[in-house]
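The values are calculated or read from the model by the stated rules, or taken from the named source; none is laboratory data. Fair warning: this is a prediction, and the values are worked out from it, not measured in the lab. A quick note on method: Cβ atoms are made from the backbone with ideal geometry, for glycine too, and the neighbour counts reach across all protein chains shown. In case anyone asks, the SASA skips ligands and DNA or RNA and just uses the protein heavy atoms, side chains included. Shrake-Rupley method; radii C 1.70, N 1.55, O 1.52, S 1.80 Å.
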Amino acid sequence: MRRSARILAAFISPAAAQRALQARIAFFVLLWCLGGAARAAAQSDVPPAIRLRLESVVVLAARDFIQPVAIAAGPLGRLFIADVGRGTVLRVGPDGRVLYEFETPPNVAALLPIDLEVTGFRVYVLDAQSSALLRFGDEGGFLDVLRSFRADGVETPRAIAVDRMVRVLAALTSRHQARLFDGSQGTETIVGGFGTRPGELSRPLGVAFAPDGSFYVADTGNARIQRFSAVGNFMGAFSDSLGEPRGLTVGPTGELFVADARRRSLWLLGPAGGARDELRLGPQNPVDVTVVGDTAWVLEDSPPALARLRVERTADERK
């Protein structure tokens with residue numbers, strides 16, 4: 001056997017041996033590259049570490065504000081606050097100063113704004129006085145009535161969200177429902193119904209759209225958040241130690257910001273749940289939240305105040 005191996009080696013040329021060696025080296029280099037790609041892919045699935053940092057808190061002037069209940073921001077960072085006590089919507093600066101006040105629509109004695117949303121350069125105001133969703137320009141001029149809930153035969157919602165397709169999502173608190181109105185399709189989708197099981201709701205007080213068209217509902221009575229698909233199918237529920245989730249908004253990269261009245265904090269959650277951070281806001285209660293880029297604005301009460309938070313993103317958690 002050994003003699004046969006020596007005879008076979010004698011017939012192998014040096015060039016062939018060199019080619020065989022190069023093939024073996026190339027094979028091991030390929031294995032190393034594939035392993036590196038797999039490790040990089042696994043690391044890319046880990047979300048970046050994110051934390052909330054409080055930058056400032058401004059107490060809103062008592063002469064300008066009585067009972068602010070909602071805040072929203074436009075694409076250029078313009079801030080708008082709905083004050084149900086004053087019966088108006090105000091554009092404010094980063095320092096909380098009032099820049100201008102929205103006009104009152106014709107044939108309406110006074111507004112009773114309880115929520116608002118900004119999509120593009122349109123401001124949508126939920127008016128409890130007329131039980132309607134009113135549309136304004138971002139300079140404060142009234143445009144039209146987008147939707148009359150009284151004409152729809154439903155109660156006035158407690159919270160609304162409007163997406164880029166002008167679909168309207170409404171939280172009907174006393175009915176323990178959320179309704180999705182799609183005017184372009186002429187459809188209405190109802191989710192919820194009182195209960196604690198997945199897909200059921202108890203006193204929902206906040207709603208928000210995700211970038212992919214799905215939506216979130218603050219299931220306040222059950223101390224959790226529920227997510228539904230763009231057509232209303234249940235996708236998941238998560239609590240993450242929430243106390244009393246109310247105001248919701250989704251950041252530009254899909255994270256969910258939750259104002260928690262009971263814990264007096266702002267939560268930063270992943271799109272499918274999982275707490276990224278929680279920032280306690282001290283003695284004041286967070287009422288609502290809006291996000292522009294990496295800046296979160298939190299509306300607080302007792303006394304009314306505007307908190308500015310920075311969303312800080314660090315390196316990959318595995319590094």
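What to note about this one:
- The distance separating the Cα centre of the range 89-118 from that of the range 194-272 comes to 26 Å.
- For the range 78-203, the equivalent ellipsoid built from the Cα gyration tensor has semi-axes of 26, 16, 14 Å, listed from largest to smallest.
- Under 5 Å from the amide H of Ser130 lie the amide H atoms of Leu112, each residue being 5 or more positions distant or on a separate chain, with H modelled from the backbone and absent for Pro and chain starts.
- Sequence ranges 251-257, 95-101, ranked by mean other-Cβ count within 10 angstrom, highest first: 251-257, 95-101
- Kirkwood radius for the range 140-242, taken over all pairs of different Cα atoms as the inverse mean of 1/r, rounds to 13.8 Å.
- Candidate residues Thr187, Thr220, Thr119: accessible-area rank, largest first, probe 1.4 Å: Thr187, Thr119, Thr220
- Near Leu143, the amide H atoms lying under 5 Å from its own belong to Arg135, Phe136, Gly137; only residues 5 or more places off or on other chains count, and H is placed 1.01 Å from N.
- Here the peptides 292-303, 169-180 are ranked by packing, the mean other Cβ count within 10 Å, and the order with the highest first is 169-180, 292-303.
- For Ser214, distant residues with modelled amide H under 5 Å away: Ala230
- Across the range 113-124, coupling constants 3J(HN,Hα) worked out from phi with the 6.51/-1.76/1.60 Karplus curve, θ = phi - 60°, read x, 10, 6, 7, 9, 10, 10, x, 10, 10, 10, 9 Hz, and Gly and Pro carry x.
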